[in-house]
1. From (1) assigned by TED's automatic domain parsing to the domain that holds residue 312; (2) touching a helix residue (DSSP H, G or I) at 6+ places or on another chain (Cβ under 6 Å); (3) surrounded by fewer than 16 Cβ atoms within 10 Å (Cβ to Cβ), pick out the condition that doesn't hold for residue 226.
2. If the requirement is being at positive phi and within 16 Å of ligand 2 (Cβ to nearest atom), which of these qualifies: 55, 28, 36, 24?
3. So is residue 119 assigned by TED's automatic domain parsing to the domain that holds residue 152 and either more than 30 Å from residue 9 (Cα to Cα) or away from ligand 2 (no atom under 16 Å from the Cβ) (or both) or not?
4. Regarding residue 177, is this residue in contact with a helix residue (DSSP H, G or I) (Cβ under 9 Å, 6 or more places away or on another chain), in a strand (DSSP E or B) and either modelled with pLDDT under 95 or within 17 Å of residue 92 (Cα to Cα) (or both)?
5. Please return the ranges of helices (runs of 4 or more DSSP H) entirely within the range 249-338 where 1 or more residues are surrounded by fewer than 15 Cβ atoms within 10 Å (Cβ to Cβ) and either outside the structural domain of residue 152 (by TED's automatic domain parsing) or at pLDDT below 95 (or both).
6. What are the residues in the range 195-240 that are within 16 Å of ligand 1 (Cβ to nearest atom), in contact with a strand residue (DSSP E or B) (Cβ under 8 Å, 6 or more places away or on another chain) and assigned to a loop (DSSP other than H, G, I, E, B), if any?
7. I'd like the residue in the range 148-165 that is outside any helix (DSSP H, G or I) and crowded, with 24+ Cβ neighbours inside 10 Å and, out of all such residues, is nearest to ligand 2 (Cβ to nearest atom).
8. What do you reckon, is residue 138 away from ligand 2 (no atom under 13 Å from the Cβ), over 19 Å from residue 236 (Cβ atoms) and in the same structural domain as residue 12 (by TED's automatic domain parsing)?
Ligand code: TXA
Ligand code: MG
């Protein structure tokens, strides 16, 4: 078993992390969204280690991270003008664009697809790790496949200790949910394949048409087109049963109080909870606050051996859609409507 080092964000440690990347090793990398498992995107052996460490299905492609816009055309081609306009508005930041891939991106990185998801993170530590390595960096979220994404270095250490040589500690991720993933339908239409901090309304300021893929809100039906392999897999699940309740606060409290057993918990909005007979955590007052808290809370509920967690359903507006999308997957698409 490897003794995983916890590196700091000082220059010396960042250079060590870049050496690991240049040598085909994988390193835990902080970004503004969630921590990622970083490796040289063009090195198939290095990328294979990512799939192994996460236990990730081989057909689920990885996002490639760059620190300079010039690198975009080195890994992708047929880049529409709209992609450059979106990059100007939202990069560096939590937006991933799916584009046709160049041959330097091996098929293991793209999960066998002929496209690649590209993102330029804004976190200063990620930017330095990418620049110092001089490489395009493949990085999925750093969790074990199916588990909530890591938003702190301690989460990464918990999931990856003994499997990878190092994790760089860049503090708590400011956004807290993964990037918005989009594909291009034509010169002025984009499709959201995974909602994130960059919302439909944000994208509409640059693109004429923004489509929300139906798989974001509902379980895939038999034969439905899967535009992003990640849509197929169970996601973000702690060991506890997560149950979303669509109701007002009063009915939520009645339901939870009547159904509480041992190790039952509730996730409520800020300021709520005093009418509950079960222990509860508040997960924010708006979409952005909820995004910041949600994965950390799902992990905490596992640490305290929660069996059942009843959750106040978030709004689907703005950043709330990203929170709703993660929670509905954590809940196996089960919503109780009162
Ligand atoms: O914020 C983020 O995006 C984080 C940080 C580390 O950058 N990364 C991340 O990666 O969330 P991952 O691998 O956990 O999620 C990537 C998602 C998956 O659902 C995958 O199926 C989809 O993006 N994806 C990646 N490349 C794709 C492609 N070429 N076509 C369609 N979907 C793609
Ligand atoms: Mg992930």
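The values are calculated or read from the model by the stated rules, or taken from the named source; none is laboratory data. As the structure is a prediction and not an experimental result, all values here were calculated from the model. Every residue, glycine among them, receives a Cβ derived from its backbone with ideal geometry; neighbour counts consider all protein chains shown.
1. Condition not satisfied by residue 226: (1).
2. Details: 28 fails: at positive phi; 36 fails: at positive phi; 24 fails: within 16 Å of ligand 2 (Cβ to nearest atom).
Criteria check complete, one pass: 55.
3. On the way: assigned by TED's automatic domain parsing to the domain that holds residue 152: yes; either more than 30 Å from residue 9 (Cα to Cα) or away from ligand 2 (no atom under 16 Å from the Cβ) (or both): no.
Here the answer is no, as residue 119 does not meet what is asked.
4. Values: in contact with a helix residue (DSSP H, G or I) (Cβ under 9 Å, 6 or more places away or on another chain): yes; in a strand (DSSP E or B): no; either modelled with pLDDT under 95 or within 17 Å of residue 92 (Cα to Cα) (or both): yes.
Taking the combined requirement at face value, the residue does not satisfy it.
5. Working: elements: 249-259, 287-303, 320-330.
Result: 249-259, 287-303.
6. 195, 196, 197, 198, 199, 213, 227, 228
7. As a first pass, look at the range 148-165 and keep what is outside any helix (DSSP H, G or I): 148-152, 161-165.
Still in the list and also crowded, with 24+ Cβ neighbours inside 10 Å: 148-151, 164.
Numbers: 148: 9, 149: 6, 150: 10, 151: 12, 164: 16 Å.
Ranking the qualifying residues of the range 148-165, first place goes to 149.
8. In short, no.
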